[in-house]
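As structure tokens, the structure follows; a few thoughts come after it.
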Amino acid sequence: MGEAPAFCYENPLKEFANGNTLKSKSAETAIVTGSKKYVIEGSDGKSTSLGVRIYDESTAQWACKGHLAVLLNEDRILIIKKGASPDDCLWFLELDTQYVRDQKTMHGGNTEVVAWSKGVRGDAEMPIVISGPSGVGKGTLINKLMKEYPSMFGFSVSHTTRAPRVKEEDGVHYHFTEKSVMEKEIKDGKFLEYASVHGNLYGTSIEAVEVVADEGKRCILDIDVQGARSVRQSPVEAIFIFIRPPSMEELERRLRARGTETEAQISKRLRNAEAELEQGISSGLFDHILYNDELEDCYQRLKEVLGLDGNVGAAPNPVSRGFDLPVVHSASELDNQIIIDCGTQELEKASKNRIVLDVSRLRGGAPGHTRGLDLYAVNSFSDELKEVR
Ligand SMILES: Nc1nc2c(ncn2[C@@H]2O[C@H](COP(=O)(O)OP(=O)(O)O)[C@@H](O)[C@H]2O)c(=O)[nH]1
Ligand SMILES: Nc1ncnc2c1ncn2[C@@H]1O[C@H](COP(=O)(O)OP(=O)(O)O)[C@@H](O)[C@H]1O
């Protein structure tokens with residue numbers, strides 16, 4: 001996914017609390033990682049654009065002069081990497097985002113936390129997390145939704161160590177995986193969340209969510225309550241829906257009628273259902289709790305909650321991940337738009353030498369990703385920002 005341009009603050013971040021340090025002319029802030037020291041230079045106080053210099057201790061040389069850093073809303077710094085590949089030129093150093101605040105709380109409140117995330121173009125709608133006990137009808141509801149709105153929703157294909165059921169396909173319903181392989185991938189940080197459910201390991205890889213978002217579709221996650229809690233604590237901003245059965249008797253009837261589990265597995269799932277229901281209903285974790293009594297009623301409620309009543313299913317908006325930034329000379333911020341001047345000397349190219357990076361709709365993606373960036377070229381001679389592409 002490319003390399004983050006910088007790393008961990010040498011000093012506590014309190015200097016950044018109001019951004020003053022960054023805006024004062026003399027200020028230089030150092031970020032150190034391994035043998036590299038990244039220095040964000042102070043600006044003249046008028047512009048929010050700052051230079052970034054990199055000192056490589058192993059070669060004792062200053063390198064990569066010319067990265068640009070722009071402080072955004074005092075909660076994150078946008079770094080525009082010079083000479084990076086299109087896929088790797090925009091990064092955010094998160095200083096005071098919701099994710100960073102949550103992480104600080106998790107670490108007891110006294111630890112300074114910063115997080116790197118890569119800028120990804122395009123806006124994908126908030127993922128939908130659906131939880132509920134086994135047999136309640138999650139899969140049935142999700143299938144209906146995907147059938148009615150095939151271009152709008154995409155399913156996050158989880159990994160699991162459980163055996164496939166008769167009609168289940170590898171890579172479609174689940175990625176059926178060896179336990180040791182999955183444990184290694186979890187250790188390698190490839191998973192957004194994972195949990196042990198009914199005696200097997202289940203997990204959502206970061207890639208599973210990103211693949212759907214890259215297609216411009218809204219991602220649906222069918223995961224248990226533990227997994228939902230982990231996603232709540234992740235940078236992913238999602239909508240959380242819990243499906244509950246009309247009664248335990250009806251849940252049992254549905255599980256048996258489905259005919260996909262042995263008697264022992266059904267008993268285990270029913271025992272676990274009690275705890276899942278308790279947590280689903282009373283934890284405050286879920287934004288919406290829907291009864292699945294009559295299937296059609298529940299489906300209509302689900303559509304309402306998702307704002308789909310009467311909506312005919314918009315076409316997907318495929319995401320193009322990269323953008324070729326020419327040599328960047330300066331950047332300034334205006335109303336959530338970063339104006340990037342690429343400073344070509346040749347007059348004939350001058351009409352395309354300014355690029356606007358719209359950061360008004362930034363939102364957390366899977367860990368390490370910030371979505372919602374929009375980029376377009378404008379005519380630099382026009383007073384208005386006129387789109388030319
Ligand atoms: N945490 C987590 N739970 C998952 C994931 N995938 C599926 N689950 C949950 O695991 C449980 C068992 O799923 P499954 O074996 O397909 O049985 P079913 O719910 O009866 O269809 C359900 O509660 C799923 O929501 C995942 O990636 N992460
Ligand atoms: N509202 C409903 N009324 C009756 N049966 C239902 C309803 N919703 C789902 N079912 C049935 O219950 C069984 C379990 O549903 P499923 O979608 O597999 O549950 P889950 O994915 O939550 O484990 C399936 O056989 C399905 O056809």
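Read-outs throughout are calculated quantities, based only on the coordinates presented, and are distinct from any laboratory measurement. Bear in mind the structure is a predicted one, so any value in this text is a computation, not a measurement. Neighbour counts are summed over all protein chains in view; Cβ atoms, including those assigned to glycine, are modelled from backbone coordinates with ideal geometry.
Can you give the local net charge around Ile340? Use residues other than it whose beta-carbon is closer than 11 angstrom to its beta-carbon, Lys and Arg +1, Asp and Glu -1. List each step's numbers first, then the result.
Details: positive: Arg354; negative: Glu333, Asp341.
Taking every Cβ under 11 Å from that of Ile340, the sum is -1.
Using a Förster radius of 41 Å, what is the FRET efficiency between Lys104 and Asp374 based on their Cβ-Cβ separation? Nearest 0.05, please.
Numbers: r = 30 Å, r/R0 = 0.72.
After rounding to 0.05, the efficiency reads 0.90.
Out of the GluC sites (Glu not before Pro) in the range 268-310, which ones are loop residues according to DSSP with at most 14 other C-beta atoms within 10 Å?
In loop regions of the range 268-310 (DSSP not H, G, I, E or B), the sparsely surrounded GluC sites (Glu not before Pro) are Glu294.
Which GluC sites (Glu not before Pro) does the range 83-158 hold that lie in a coil by DSSP with at most 16 other beta carbons within 10 Å? Could you put the intermediate results ahead of the total?
On the way: sites: Glu94, Glu112, Glu125, Glu148; in loops: Glu112, Glu125.
Passing sites in the range 83-158 are Glu112.
Compute the distance in nm between two label points, each set 7 Å from the Cα along the Cα-to-Cβ direction, one at Ser247 and one at Gln233.
3.7 nm
List the trypsin sites (Lys or Arg not before Pro) in the range 127-184 that DSSP assigns to loop (not H, G, I, E or B) and whose Cβ has at most 11 other Cβ atoms within 10 Å. Which are they? All intermediate terms of the calculation are to be shown ahead of the outcome.
Working: sites: Lys138, Lys144, Lys147, Arg162, Arg165, Lys167, Lys179, Lys184; in loops: Arg162, Arg165, Lys167.
Those satisfying the criteria are Lys167.
Give me the distance in nm between label points sitting 7 Å out from Cα along the Cα-to-Cβ direction at Ser196 and Ser151, one decimal.
Spacing of the two 7 Å Cα→Cβ label points: 4.6 nm.
Using +1 at the C-beta of Lys and Arg and -1 at the C-beta of Asp and Glu, which of Ile239, Ser180, Val225 has the Cα lying farthest in the positive direction of the dipole of the range 179-261?
The one lying farthest along the dipole's positive direction is Val225.
Quick check: residue separation of Glu296 and Glu57 times 0.36 nm, minus the Cα distance between them. What number comes out in nm? The partial results should precede the final answer.
Values: separation 239, 0.36 × 239 = 86.04 nm, distance 6.50 nm.
Using 0.36 nm per residue and subtracting the Cα-Cα distance, I get 79.5 nm.
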